[in-house]
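In what follows, a structure is listed as structure tokens, so that the remarks can point back to it.
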Amino acid sequence: MTKGKILVTGGAGYIGSHTAVELLNDGYEVIIIDNLSNSNRFIIDRIQKITGKKVFFHQEDLLNFAKVEQIVSAYNNIKGIIHFAAYKAVGESVEKPVLYYENNIVSLLNVLKVMTLFGIPNLVFSSSCTVYGQPDILPVTEEAPIKKALSPYGNTKQIAEEIIADTVYANKNLFSIALRYFNPIGAHESALIGELPLGIPNNLVPFVTQTAYGLREELKIFGNDYNTPDGTAIRDYIHVVDLAKAHIVALNRMISGNNKESFEIFNIGTGNGNSVMEIVNEFKNATGLDIKCNIVGRREGDIEQVWADTSLANMELGWNAKIPLREMLSSAWNWEKAYRADSKQEKEKYNLNLEHFKNLMALGFSNNGFNAEEINFLVNKAKDVGISVANWDEWMKEVSSFTFQIPQNMDEREEYLADLVHLAMVDGKVHQTEYDMCLKLADKLEIDAENLDKIIKLIEKLWKNDA
Ligand code: NAD
Ligand code: WQD
């Protein structure tokens, strides 16, 4: 007997994946909808590996209401939805406000529409301490005034809370809890899931772990002239597993009818503030590693200090953050190391051997195959990645008359396509001309364009994260 089904949007993401693990551990069944715009498919496998339980995963965009409706209609009696899916990069939201308003607001509207349509009663919503801006009184309580948002991202969270309030007011069968997260950091103790920032991280802790790993030269500390004891800005850092657990208690509260209002809001933090310098020092203590730091000017839009008054969540939800700062930082470091080791292995897996390259070329040669330019490109790339052949002209002649049977096994076919995608990348991206070449091979392998795109996305991400 399970406790019932929970739909988790954005469940392949950082906080969503940790919450999926806690839900499964608590006896719920988990359905995930995620378009993988900021996450990886392998995280779903990892959630299953950690828990030994199955996840019902649907790669879909929440903006596509017809598809969401179709997915949800296939399940009956979903007890609640945890809505994580959103874009979250503050700086990017300033540059692309429409993208942020559309993704964050329309996805919420679609979630509320399916809840009404299928009678799903309970919603936990990912809100943020960003709604407070720089509070006048610290620690900040849920009663603090909501000030004008400092970014379109922050505004999407303020608007979302209002939309939820209006919707539950109008519909007596809907209940919601918004959790205002402070600064989630760290990773699951298994080091199988964690935060996966694309490109250069904006957030402090991923930047620290990447610097420690040697991917970044130094940590830039944004300002040491704040009105704080050591001059650096203060935040309330909370372990992502403590945060994930808050979602379970929030859901349980609504499912068992213990909520006091139809829409409730709770701060989810530790109640402690730590400065940037303290984080760096504690990371050094936790790992024994040194981090090169450089004090630079303040980052635009940053507030000076904020930490949570968590008494409402402690009392009402019976929830407390438990994991100490040192463990938050050592778990972040363990995840960074494990993830880098895995992607190195992954890259090595794609270190082409001559046999694989021969098969790949033979496949490409067959009717309507690669053109002269493409063959030239591939041979040069093969040389670059260390494939050595005494006489390329002779070798090419031999390969052009060699017939390689298309493997029956789909995984093997995808491996050949992935080999080609690796070769086709220029500066970490597959551009149009090379894409056309990949499409030809995909066609021969009977792999559709959609799957090719997935493979490309995955490999591009892999290279980006390793860059
Ligand atoms: P994340 O980017 O790791 O996870 C979000 C997930 O949603 C990703 O897997 C992404 O692919 C998916 N997604 C985005 N748009 C989608 C769409 N239209 N359809 C389907 N899937 C979509 O981010 P996270 O750190 O796990 O954050 C989760 C939530 O918590 C977000 O709403 C975020 O705004 C909020 N939040 C995060 C923080 C933080 O510091 N990480 C702090 C406060 C609030
Ligand atoms: C923490 C501190 C930086 C990077 C953001 C969003 C917020 C919420 C959480 C979603 C700050 C300093 C950072 C670096 C640094 N997200 N820093 N060097 O800014 O508190 O909050 O994430 O809702 O909305 O704004 O988190 O991790 O970016 O920064 O000195 O390279 O570290 O200035 O004082 P922030 P952060």
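Only the coordinates and a few stated rules stand behind these numbers; no lab work does. Keep in mind that this is a model prediction, so the values were computed, not measured. Cβ coordinates were reconstructed from backbone atoms using ideal geometry, including for glycine residues, and neighbour counts include every protein chain displayed.
How would you rank Arg298, Arg235, going from fewest to most other Cβ atoms within 10 Å of each one's own Cβ? Don't jump to the answer; show the numbers that get you there.
Details: Arg298 14, Arg235 23.
Sorted ascending by nearby Cβ count, the order is Arg298, Arg235.
Can you give me the long-range amide H partners of His188? Hydrogens built in the peptide plane at 1.01 Å from N, cutoff under 5 Å, separation of 5 or more residues or another chain.
HN-HN under 5 Å from His188: Ile193.
Which semi-axes, in whole Å and largest first, does the equivalent ellipsoid of segment 233-382 have when worked out from the alpha carbon gyration tensor as the square roots of 5 times its eigenvalues?
On the way: eigenvalues 486, 126, 52 Å².
The three semi-axes for segment 233-382 are 49, 25, 16 Å.
Looking at segment 123-156, which chymotrypsin sites (Phe, Trp or Tyr not before Pro) are in a loop (DSSP not H, G, I, E or B) and have at most 11 other Cβ atoms within 10 Å?
Numbers: sites: Phe125, Tyr132, Tyr153; in loops: none.
Those that pass, being in a loop and sparsely packed, number zero.
I need the phi-derived Karplus couplings for segment 293-306: 6.51 cos²θ - 1.76 cosθ + 1.60, θ = phi - 60°, integer Hz, Gly and Pro marked x.
10, 9, 7, 10, x, 5, 8, 4, x, 6, 9, 6, 7, 7
Peptides 159-171, 387-399: what's the order by average Cβ count within 10 Å, highest mean first?
Details: 159-171: 16.2, 387-399: 12.5.
Highest mean packing first, the order is 159-171, 387-399.
If the chain between Lys464 and Val426 were fully stretched, how many nm would it gain, using 0.36 nm times the residue separation less the Cα-Cα distance? Please report the intermediate quantities before stating the final value.
On the way: separation 38, 0.36 × 38 = 13.68 nm, distance 1.20 nm.
So the extension gain works out to 12.5 nm.
Suppose we keep just the DSSP beta bridges with both residues in the chain; what percent of those would be antiparallel, to 5? Don't skip to the end; give the middle numbers.
On the way: 3 of 44 bridges.
Of those bridges, close to 5 percent are antiparallel.
Can you list residues whose amide H is under 5 Å from Gln305's amide H, if they're 5+ apart or on another chain and H is modeled 1.01 Å from N?
Close amide H contacts, sequence-distant or interchain: Ile234.
Kirkwood hydrodynamic radius, segment 350-466, all distinct C-alpha pairs: what's the number in Å? Kindly include the intermediate steps, with their values, before the conclusion.
Working: mean 1/r = 0.0697 Å⁻¹.
14.4 Å is the Kirkwood radius here.
Take each of the peptides 197-205, 244-252, average the number of other beta-carbon atoms within 10 Å over its residues, and list them starting from the highest.
244-252, 197-205
Which of the pairs Lys245/Lys292; Lys88/Lys147; Lys67/Lys96; Lys245/Lys461 have their Cα atoms more than 23 Å apart in this structure?
Details: Lys245/Lys292 34 Å; Lys88/Lys147 19 Å; Lys67/Lys96 25 Å; Lys245/Lys461 29 Å.
Over 23 Å apart, Cα to Cα: Lys245/Lys292; Lys67/Lys96; Lys245/Lys461.
Taking segment 160-282 on its own, what percent of its Cα-Cα pair distances exceed 26 Å? Don't jump to the answer; show the numbers that get you there.
Working: 2940 of 7503 pairs.
That tail contains 39 percent of the Cα-Cα pairs.
For a quick check: sort Leu24, Leu215 by the number of other beta carbons within 10 angstrom, fewest at the front.
On the way: Leu24 21, Leu215 16.
Final ranking by Cβ density, sparse to dense: Leu215, Leu24.
In deg cm²/dmol, rounded to 500, what helix-only [θ] at 222 nm does the chain give when every DSSP H run of at least 4 residues adds -39500 (n - 2.57) and the total is split over its residues?
Numbers: 17 runs with 216 residues, N = 467.
It lands at -14500 deg cm²/dmol.
Can you compute the charge dipole magnitude of the chain about its Cα centre, using +1 on each Lys and Arg Cβ and -1 on each Asp and Glu Cβ, nothing else charged? Give it in debye, rounded to the nearest 20. Working shown, then result.
Details: 46 positive and 62 negative charges, 168 e Å.
The dipole of the chain has a size of about 800 debye.
Please identify which residues in segment 202-243 have an amide N closer than 15 Å to a label point set 7 Å out from the Cα of Val94, following the Cα→Cβ vector.
Backbone N within reach: 202-203, 222-223.
In the chain, how does Rg compare with the Kirkwood Rh, expressed as the Rg/Rh ratio over alpha carbon atoms?
On the way: Rg = 24.7 Å, Rh = 24.2 Å.
Looking at the chain, the ratio lands at 1.02.
Under a 5 Å amide H to amide H cut-off, with H placed in plane at 1.01 Å, what residues pair with Ser128 once short-range neighbours are removed?
Tyr181
Any idea which of Val276, Tyr237, Leu215 is furthest toward the positive side of the dipole for segment 197-277, if Lys and Arg beta-carbons carry +1 and Asp and Glu beta-carbons -1?
Sorting the options by dipole projection puts first Tyr237.
Take the cross-link list Lys5/Lys440; Lys54/Lys344; Lys79/Lys148; Lys284/Lys464; Lys49/Lys440 and give me the ones stretching past 30 Å between alpha-carbons. Provide the component values of the computation, followed by the final result.
Values: Lys5/Lys440 42 Å; Lys54/Lys344 28 Å; Lys79/Lys148 34 Å; Lys284/Lys464 27 Å; Lys49/Lys440 35 Å.
Long pairs (Cα-Cα over 30 Å): Lys5/Lys440; Lys79/Lys148; Lys49/Lys440.
Excluding Leu36 itself, calculate the net charge of residues whose Cβ lies under 9 Å from the Cβ of Leu36, where each Lys or Arg counts +1 and each Asp or Glu counts -1. Please report the intermediate quantities before stating the final value.
Details: positive: Arg41, Lys454, Lys457; negative: Asp34.
Once positives and negatives cancel, what remains is +2.
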